[in-house]
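Novice: Handing you this structure, nothing more for now.
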Amino acid sequence: MAVRVQTVAFRGIEAVPVDVQVQIAPGMPGFAIVGLPDKAVAESRERVRAALIASGLSLPPKRITINLAPADLPKEGSHYDLPIALGLMIALGAVPGDAVAGHVVIGELALDGRLTPVSGTLPAAIDATARDMGIICPADCGSEAAWAGEDLDIIAPPSLLALVNHLAGTQLTARPQPKKREADAVLPDLGEIRGQEVARRALEVAAAGGHNLLMIGPPGAGKSMLASRLPSILPALNPRELLDVSMIQSIAGELAGGRLSDRRPFRAPHHSASMAALVGGGLKVRPGEVSLAHNGVLFLDELPEFAPAVLDSLRQPLESGEAVIARANARVAYPARFQLIAAMNPCKCGMAGTPGHTCRRGDRCAADYQGRVSGPFLDRIDLRIDVPAVSATDMIAPNRSEPSEAVAKRVAAARRAQAERYRQMGVPGTYTNAAASSALIEQVADPDTESRDLLVRAAEKFSLSARAYHRVLKVARTLADLSGADTVARPHIAEALSYRLDFSAS
Ligand SMILES: Nc1ncnc2c1ncn2[C@@H]1O[C@H](COP(=O)(O)OP(=O)(O)OP(=O)(O)O)[C@@H](O)[C@H]1O
Ligand SMILES: [Mg+2]
């Protein structure tokens, strides 16, 4: 009779139930794992054998077959070690069979029988809660599993031997508690930035509505400095967002010590990043930077230095809020609703447009450099601003600029207003104007006749696309929210239009 142990496979951030069936039968001695295992799962055989020996059990010279069902679902990762080892121990009679019934089991084994942490514990624990089951996972993953709920039965032992003792009732391991990550020391503050009033205002608007922002300016103007100060004015994640962000981090193996943080993710990949690193996928299907930036910020510094094909691969997630990875044997979608902040110089030498400067390569300098960023990609950026060099007068000015704390208060108030509006309208999961659908934004940002005229004239003059039209409306709605206005008026539309800097003219 085959022994069965429950575990999971991951499809995107979703955990799919997998049945580990173990059979020990007379015949030619052997150990086979079937059911579409990848290399890490196939190698599990050697780890399991060594860990069992280290725990005082040896495998009999019989025919051992492990089946991972459903057989047509690809199995990736090292977390199948523990369910396989437990199945074998039950089949050998070392552990009572009913002890693990009703538990989802995940964990990797070291050769000495210790349990090493695995990625995906949080989604597995949430799946276990939904199915009214408990979870058995490595000790290091315990506090991560504990986030899934107070009622979840969690067994998180440090080793295979400790697990056997716990199941036998001789030495119990305590239930782990959820842990929060301590907030990082102090974030860089906006108060350190001199001058740059327009850029500071644009950063505030971007933070308030979750809008995409592109800053164009000469070297040393403070673009990277401004972007790195965005986290200090963004509000904390709400519980729903926190769960989504943590699930992605868990799958990617980036939840250090199982501690969750309610700070919004801020990802700043280098411009040499590949498409797989940015969008996800690669040899092993895993979330990319766009998904790790979900509900947070993706900062692309030196935008034109990214490979054009890599930038264009962001077009789809920017629009749909999802990164879809299609492989021959798998198609997964990871959430990727991020806020894009980008910075660039106007040309290769960095100074085009600065009064008194002529590029050595003439007009082509700016055109060639800016041409690396495609039109459709730019069309997705709501706020495009010029960040000129700081004037000497601003640099020597004695008083500091407004600190992040004061700006964060206004941003939080505007975000509260948006979340409350969309909640009242019955649109769950929409918290910002940037995330609202076109139909929804037309409804909530209905401009008065005067501002509608302005918008129509601008749309004709600058030949705004339908997307650009809606994005202007979204920014205008955020401006109204920042000023506490109920309706979108002419100054809001005018300011929103001013942020759509004509790219090639800069
Ligand atoms: N507005 C400013 N206020 C105070 N310091 C500034 C300002 N702008 C630049 N600096 C100083 O210049 C340094 C460089 O700024 P930063 O790296 O942000 O420039 P950048 O615009 O990103 O340039 P590049 O285009 O070369 O990347 C900062 O570390 C800071 O010391
Ligand atoms: Mg920079």
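Per-residue answers, yes or no, for (1) over 17 Å from Ala202 (Cα atoms); (2) β-branched (Val, Ile, Thr); (3) crowded, with 18+ Cβ neighbours inside 10 Å; (4) within 15 Å of ligand 1 (Cβ to nearest atom):
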site	(1), (2), (3), (4)
Gly356	yes, no, no, no
Tyr369	yes, no, yes, yes
Ser374	yes, no, no, no
Phe377	yes, no, yes, no
Ile381	no, yes, yes, no
Ala414	no, no, yes, no
Gly429	yes, no, no, no
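Novice: Let me confirm something: among Val198, Val186, Val205, which residue is out of contact with any Cys (no Cβ under 9 Å at 6 or more places or on another chain), over 28 Å from Ala476 (Cβ atoms) and more than 11 Å from ligand 1 (Cβ to nearest atom)?
Specialist: Val186
Novice: Quick one: how many residues across the range 161-196 are more than 27 Å from Ala50 (Cα to Cα), free of Cβ contacts under 8 Å to residues at least 40 places away in the same chain and among the hydrophobic types (A, V, I, L, M, F, W, C)?
Specialist: Of the residues in that region, 2 qualify.
Novice: What single numbered condition from (1) among the small types (Gly, Ala, Ser); (2) over 24 Å from the mean Cα position of the chain (by Cα); (3) within 16 Å of ligand 2 (Cβ to nearest atom) fails to hold for Ala342?
Specialist: Only one criterion in (1) among the small types (Gly, Ala, Ser); (2) over 24 Å from the mean Cα position of the chain (by Cα); (3) within 16 Å of ligand 2 (Cβ to nearest atom) is unmet by Ala342, namely (2).
Novice: Being within 16 Å of ligand 1 (Cβ to nearest atom) and not β-branched (Val, Ile, Thr), is that true of even one residue in the range 308-317?
Specialist: Checking the range 308-317: not a single residue is within 16 Å of ligand 1 (Cβ to nearest atom) and not β-branched (Val, Ile, Thr).
Novice: Given the structure, is Gly253 among the small types (Gly, Ala, Ser), more than 13 Å from ligand 1 (Cβ to nearest atom) and assigned to a loop (DSSP other than H, G, I, E, B)?
Specialist: yes
Novice: Being farther than 19 Å from Phe299 by Cβ and among the aliphatic types (A, V, I, L, M) narrows it down to one residue among Ala252, Ala221, Ala268, Ala256; which is it?
Specialist: One residue alone meets the criteria, Ala256.
Novice: Against the conditions (1) away from ligand 2 (no atom under 16 Å from the Cβ); (2) buried (at least 17 other Cβ atoms within 10 Å of the Cβ); (3) within 23 Å of the chain's Cα centre (by Cα), where does Arg200 fall short? Just the number, please.
Specialist: (3)
Novice: Need pairs with beta-carbon distance below 6 Å; first residue touching a residue at least 12 places away in the same chain (Cβ under 8 Å) and within the range 3-15, second hydroxyl-bearing (Ser, Thr, Tyr); sequence gap 6+ or separate chains.
Specialist: Taking only residues 6 or more apart or on different chains, the pairs are Gly12/Tyr334.
Novice: So which of Gly484, Gly426 is modelled with pLDDT of 85 or more, touching a helix residue (DSSP H, G or I) at 6+ places or on another chain (Cβ under 8 Å) and more than 28 Å from Ala343 (Cβ to Cβ)?
Specialist: Just a single option satisfies the conditions, and that option is Gly484.
Novice: Counting only residues that are hydrophobic (A, V, I, L, M, F, W, C) and closer than 11 Å to Ser119 by Cα, which one in the range 252-268 is surrounded by the most Cβ atoms within 10 Å (Cβ to Cβ)?
Specialist: Across the range 252-268, the extreme among qualifying residues is Leu255.
Novice: Additional query: From the list Asp98, Asp140, which one is at pLDDT below 95, in contact with a Pro (Cβ under 7 Å, 6 or more places away or on another chain) and of a type in the set (D, E, K, R)?
Specialist: Step by step, each of Asp98, Asp140 is checked, and only Asp140 is at pLDDT below 95, in contact with a Pro (Cβ under 7 Å, 6 or more places away or on another chain) and of a type in the set (D, E, K, R).
Novice: Let me ask something else about it. Of all the residues that make up the range 98-126, how many are closer than 26 Å to Lys180 by Cα and in a loop (DSSP other than H, G, I, E, B)?
Specialist: Result for the range 98-126: 6.
Novice: Within the range 273-319, which residues are away from ligand 2 (no atom under 16 Å from the Cβ), assigned to a helix (DSSP H, G or I) and over 14 Å from the mean Cα position of the chain (by Cα)?
Specialist: Across the range 273-319, the qualifying residues are Met275, Ala276, Pro308, Ala309, Val310, Leu311, Asp312, Arg315, Gln316, Glu319.
Novice: Also: Could you grab me the full set of residues in the range 208-224 that are part of a loop (DSSP other than H, G, I, E, B) and either more than 8 Å from ligand 1 (Cβ to nearest atom) or within 21 Å of the chain's Cα centre (by Cα) (or both)?
Specialist: Result: Gly210, His211, Asn212.
Novice: Among the residues of the range 380-415, count how many are in a helix (DSSP H, G or I) and closer than 22 Å to Ile341 by Cα.
Specialist: Of the residues in the range 380-415, 12 are in a helix (DSSP H, G or I) and closer than 22 Å to Ile341 by Cα.
Novice: Additional query: Within the range 213-245, how many residues turn out to be among the charged types (D, E, K, R) and within 11 Å of ligand 2 (Cβ to nearest atom)?
Specialist: Residues in the range 213-245 being among the charged types (D, E, K, R) and within 11 Å of ligand 2 (Cβ to nearest atom): 1 in total.
Novice: Something else now. Kindly check whether there is at least one residue in the range 350-360 that is out of contact with any strand residue (DSSP E or B) (no Cβ under 8 Å at 6 or more places or on another chain), among the β-branched types (Val, Ile, Thr) and modelled with pLDDT under 90.
Specialist: yes
Novice: Which of the numbered conditions does Ile341 fail, given that it passes all the others? Conditions: (1) over 20 Å from Ala252 (Cβ atoms); (2) surrounded by 15 or more Cβ atoms within 10 Å (Cβ to Cβ); (3) away from ligand 1 (no atom under 16 Å from the Cβ).
Specialist: In the conditions (1) over 20 Å from Ala252 (Cβ atoms); (2) surrounded by 15 or more Cβ atoms within 10 Å (Cβ to Cβ); (3) away from ligand 1 (no atom under 16 Å from the Cβ), Ile341 misses (3) alone.
The values are calculated or read from the model by the stated rules, or taken from the named source; none is laboratory data. Worth saying up front: this structure is predicted, and the values here are computed from it rather than measured. Virtual Cβ from ideal backbone geometry, glycine too; neighbours counted across all protein chains shown.
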